[in-house]
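The block underneath contains the structure these notes are about, expressed in structure tokens.
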Amino acid sequence: MSPDAEQPKPVNKDLAAMRVGYAHQGADGRYVDSDLDADQLSDGWLPLMRLWLEDAVEAGVPEPNAMTLGTVDEHGHPCTRTVLCKGLSADGVLFFTNYDSDKGRQLEAVPYASVTFTWVPVARQITVRGPVERVSAEVTDEYWHSRPRGSRLGAWASEQSKPIGSRAELDAALLHAAERFPVDVDIPVRPDWGGILIRPAVVEFWQGRANRMHNRIRTSLVDGSWTVERLQP
């Protein structure tokens, strides 16, 4: 590189200066600077989680059901990726995947996970941690047949998390799946594909506040009962 050439700026300095004050922005409701109190969890974690999800939808948050899934492998090495929540009930948080994918095999080895929903426009975040289990074939089948045809073909075409030589090979696999299952033929559920339910053991609600004095309320399942406590930011 020529000594007269413009030197690249250190990225870390730019990143260090990036911050948001989390103060209320006005009528659009962005960065809601309102109270979050333990009393809001008097009926459990689910009603408040549903309310916050609805608020995220109304605020126009892109893919508000997106969540970061954290797993560990048999060696304790962590891994995260974004998946979509496809069910929310008193039983827990539901998503679907190929059981032979990296995350599927990690959850088989260590059946415990965390998911985090982050809704930046409303300065809110929810983290759920707990043991996982596979759902019934009936639950998987119902969701599978609600998916678009292309998504079901894609699930058959992809050996999720396995290496492949090129994009052309992947596209060819999709064409092969379409030939295997014509439009007038039902596309069955892959035998290694299905739902995984995270049964909450800990749920934490986070809400941004000014001066980094954020609200954090955590509810935990202890000996069959839920405890609620406020955490310092």
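When residues of the stretch 221-233 are filtered for being surrounded by fewer than 17 Cβ atoms within 10 Å (Cβ to Cβ), of a type outside the set (Lys, Arg) and not in a loop (DSSP other than H, G, I, E, B), how many remain?
Selection size over the stretch 221-233: 6.
Conditions first: (1) farther than 14 Å from residue 126 by Cβ; (2) not in a strand (DSSP E or B). Residue 200 passes all but one, so which condition is the exception?
Single failed check for residue 200: (1).
Do the conditions hold for residue 138, that is, is it under 21 Å from residue 107 (Cβ atoms), charged (D, E, K, R), in contact (Cβ under 8 Å) with a residue 12 or more places away in the chain and out of contact with any Lys or Arg (no Cβ under 6 Å at 6 or more places or on another chain)?
no
Just for the stretch 59-72: of the residues that are hydrophobic (A, V, I, L, M, F, W, C) and more than 12 Å from the chain's Cα centre (by Cα), which one is surrounded by the most Cβ atoms within 10 Å (Cβ to Cβ)?
The qualifying residue surrounded by the most Cβ atoms within 10 Å (Cβ to Cβ) is 61.
Could you list, in sequence order, all residues of the stretch 142-158 that are of a type in the set (D, E, K, R) and surrounded by 14 or more Cβ atoms within 10 Å (Cβ to Cβ)?
Listed by number, the residues that qualify are 147, 152.
Out of the residues in the stretch 7-52 that are more than 25 Å from residue 213 (Cβ to Cβ) and over 26 Å from the mean Cα position of the chain (by Cα), which is modelled with the highest pLDDT?
By that ranking, first place goes to 14.
Could you run through the stretch 200-233 and say how many residues are aromatic (Phe, Trp, Tyr) and farther than 27 Å from residue 111 by Cβ?
Number satisfying all stated conditions: 0.
Kindly provide the set of residues from the stretch 160-219 that are crowded, with 16+ Cβ neighbours inside 10 Å and acidic (Asp, Glu), ordered by number.
Within the stretch 160-219, 204 is the sole residue that qualifies.
How do the pairs read when you match residues in the stretch 151-163 that are free of Cβ contacts under 8 Å to residues at least 24 places away in the same chain with residues anywhere that are among the charged types (D, E, K, R) and surrounded by fewer than 17 Cβ atoms within 10 Å (Cβ to Cβ), using Cβ under 7 Å and keeping only pairs 6 or more apart or on different chains?
none
Do the conditions hold for residue 56, that is, is it in contact (Cβ under 8 Å) with a residue 40 or more places away in the chain, among the small types (Gly, Ala, Ser), crowded, with 16+ Cβ neighbours inside 10 Å and not in a strand (DSSP E or B)?
Yes, satisfied.
If the Cβ limit is 9 Å and pairs must be 6+ apart or interchain, which residue in the stretch 89-108 that is modelled with pLDDT of 95 or more pairs with which residue that is of a type outside the set (A, V, I, L, M, F, W, C) and in a helix (DSSP H, G or I)?
Note: pairs meeting the criteria are 94/143; 96/140; 96/143; 97/103; 97/104; 98/104; 99/105; 99/108.
The values are calculated or read from the model by the stated rules, or taken from the named source; none is laboratory data. Small disclaimer: the values here were computed from a predicted structure and weren't measured. Cβ: placed from backbone, ideal geometry, glycine included. Neighbour counts: every protein chain shown.
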